[in-house]
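Okay, so here's the structure we're looking at.
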Amino acid sequence: MPDSQQLEQSKPSTRIIAPGYTFGTVTDQIASVVLAGRTPVFWIVSFGLGFCLLMMLTLAVIVLFAKGVGVWGIRTPVMWGFAITNFVWWIGIGHAGTLISAILLLLNQRWRNSINRFAEAMTLFAVACAGMFPILHLGRPWLAYWLFPYPNTMGVQPNFRSPLVWDVFAVSTYATVSLLFWYVGLMPDLATLRDRTHNRFARFTYGIMAMGWRGSARHWSVYETASLLLAGLATPLVLSVHTVVSFDFTIAIVPGWHSTFFPPYFVAGAIYSGFAMVLALAIPLRAVYGLKGLITDKHLDNCGKVMLATGLIVAYAYILEAFTAWYSGNVYESAAILHRMTGPYRYYYWALVSCNIIAPQSLWFKRIRGNPVTLFIASIVVLIGMWLERFMIIVSSLAQDYVPSSWSIFQATRWDWATYVGTIGLFLFLFFLFIRLLPMISIFEVRTLLPQAKIEEEV
């Protein structure tokens, strides 16, 4: 064995898979999560919580459709409120999955193999949660098709220069490519479950989903080609989707929004919150299902480093935003920043500064990154901080615009909170349904990390 491989196997902190695994044990451990007869209490409690919150979302949506958007706290001039705040937050969370799947694949970062599957699923479910809010916010969701560029026979043509129309293209393309990437990667593992299950219905279902996969050389050749093509398509989407979302704000003339650095700022913030969600999901899952040998401390450490790096970019954007408002000499921009820092939303602003800038500085220390408990706490703090950031950008900028007579304070109602918390329930419901029915870790990709696979490649 080469010296580099010996070093990797000898140091737990640099190991991307624990020693002692074989092709068979990797398959057994991952497949047993799906094919096991007993369901862990943790899964039952988490799935039940997600289902209860999903029912709350259903009730909130029924009330919204029956009474209109007046049940929310949106009033003139704050006409976006929670809906668009949550939309941007959920879209950002979905970025880590595509980055791990596509960009790290093209860069040949093998440590992604143990976390890419559930990160991709996280992307799909986060985009599903995000896509609800623009439709619900319309007030007349049955007319959501007005956002699409259909033939103008009804005399209602979208403004193709509006970033709201661009959102439709960007988010739908992002969701489609992410779904294809996720499903193509599942096919070899679906065939494994098909061959190992003893339940006739499960064998039939997995067989249909595997689409006749037999693991032949031709199948693997086509699979690798498709994966690289989808990775190439998904890579620019990581940068473009949240850039397009930021255009909703940056092309507006509202003070606090009209900033040219919003696109890179939003992309960095999206990856920041996305990796925080990856850690928030990976740490409990590896503890409950005994996957510490597959999702090792090296994975957590790398995710912590990415979170630290993107957090520094976000911190730079905060400083640049305040500096630009002062240096520009624009009294409206200066007033908007001062309003955030000292106005009625000042507690939210300083809370997000604490969550997004101050608290993540602890990730400089390897002891913090190497402790799953502290890393989990840090990821939750970042998720809270990124939601507060979206809230401040949207609500505080609209609450105090150019006309003092229209200034107002946004106050969220119980239905605002019920809709937002309900989408968290939808996310948990879908995610825990996924890990119960499908392998949360890619079996065949993890097997490529084993020394045996390297020996076979050399032969």
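For this structure, a couple of remarks:
- Residue within the range 332-352 that is in a helix (DSSP H, G or I), charged (D, E, K, R), at pLDDT 90 or above and surrounded by fewer than 16 Cβ atoms within 10 Å (Cβ to Cβ) present: yes
- Meets criteria (closer than 12 Å to V306 by Cβ, open to solvent by less than 10 Å² (accessible area, probe 1.4 Å) and either at pLDDT 90 or above or assigned to a helix (DSSP H, G or I) (or both)) for I91: no
- Residues satisfying the stated conditions in the range 29-54, i.e. touching a residue at least 60 places away in the same chain (Cβ under 8 Å) and open to solvent by 80 Å² or more (accessible area, probe 1.4 Å): L49, F51, C52
- Output for the range 130-162, where each listed residue is at pLDDT 75 or above and either among the aromatic types (F, W, Y) or within 27 Å of S101 (Cβ to Cβ) (or both): A130, G131, M132, F133, P134, I135, W142, Y145
- Residue match in the range 75-82 (condition: open to solvent by less than 10 Å² (accessible area, probe 1.4 Å) and at negative phi): yes
- Among the residues of the range 402-435, those that are β-branched (V, I, T) and open to solvent by less than 10 Å² (accessible area, probe 1.4 Å) comprise T419, T423, I435.
- Test set (1) without any contact (Cβ under 8 Å) to a residue 24 or more places away in the chain; (2) open to solvent by less than 30 Å² (accessible area, probe 1.4 Å) - A399 fails condition number: (1)
- Yes/no for V127 being within 24 Å of the chain's Cα centre (by Cα), in a helix (DSSP H, G or I), at pLDDT 90 or above and not basic (K, R): yes
- Any pair with Cβ under 8 angstrom, 6 or more apart, that starts in the range 128-148 at a residue that is of a type in the set (V, I, T) and ends at one that is open to solvent by less than 50 Å² (accessible area, probe 1.4 Å): I135/P141; I135/A144
- Subset of the range 362-372 that is in contact (Cβ under 8 Å) with a residue 24 or more places away in the chain and open to solvent by 50 Å² or more (accessible area, probe 1.4 Å) - its residue that is nearest to M386 (Cα to Cα): W364
- Cβ-Cβ distances below 9 Å connect the following pairs, each with a first residue in the range 238-267 that is without any contact (Cβ under 8 Å) to a residue 24 or more places away in the chain, a second residue that is in a loop (DSSP other than H, G, I, E, B) and not polar (S, T, N, Q), and a separation of six or more residues or different chains: T250/W257; T250/H258; T250/F261; A252/H258; I253/Y402.
This table checks each residue for (1) out of contact with any Pro (no Cβ under 8 Å at 6 or more places or on another chain); (2) farther than 19 Å from V382 by Cα.
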residue: T250; (1), (2): no, yes
residue: W257; (1), (2): yes, yes
residue: V267; (1), (2): yes, no
residue: L279; (1), (2): yes, no
residue: I283; (1), (2): no, no
residue: Y289; (1), (2): no, yes
residue: H299; (1), (2): yes, no
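- Residue within the range 60-70 that is open to solvent by 40 Å² or more (accessible area, probe 1.4 Å) and either among the β-branched types (V, I, T) or at pLDDT 95 or above (or both) present: yes
- Test set (1) open to solvent by 10 Å² or more (accessible area, probe 1.4 Å); (2) within 30 Å of V26 (Cβ to Cβ); (3) modelled with pLDDT under 90 - L291 fails condition number: (1)
- Scanning the range 98-152 for residues that are small (G, A, S) and either open to solvent by 10 Å² or more (accessible area, probe 1.4 Å) or out of contact with any helix residue (DSSP H, G or I) (no Cβ under 8 Å at 6 or more places or on another chain) (or both) yields A128, G131, G139, A144.
- Note on the range 252-286: residues that are surrounded by fewer than 24 Cβ atoms within 10 Å (Cβ to Cβ) and touching a Lys or Arg at 6+ places or on another chain (Cβ under 9 Å) amount to 1.
Conditions tested, residue by residue: (1) under 16 Å from the mean Cα position of the chain (by Cα); (2) at pLDDT below 90; (3) part of a loop (DSSP other than H, G, I, E, B).
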site	(1), (2), (3)
A226	no, no, no
A234	yes, yes, no
L237	yes, yes, no
H258	no, yes, yes
C303	yes, no, no
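The values are calculated or read from the model by the stated rules, or taken from the named source; none is laboratory data. Since the structure is predicted, the reported quantities are computational estimates derived from the model, not experimental observations. FYI the Cβ positions are ideal-geometry reconstructions off the backbone, even for glycines, and counts take in every protein chain you see. Remember, those area values only see protein heavy atoms, side chains included, never the ligands or the DNA or RNA. Shrake-Rupley method; radii C 1.70, N 1.55, O 1.52, S 1.80 Å.
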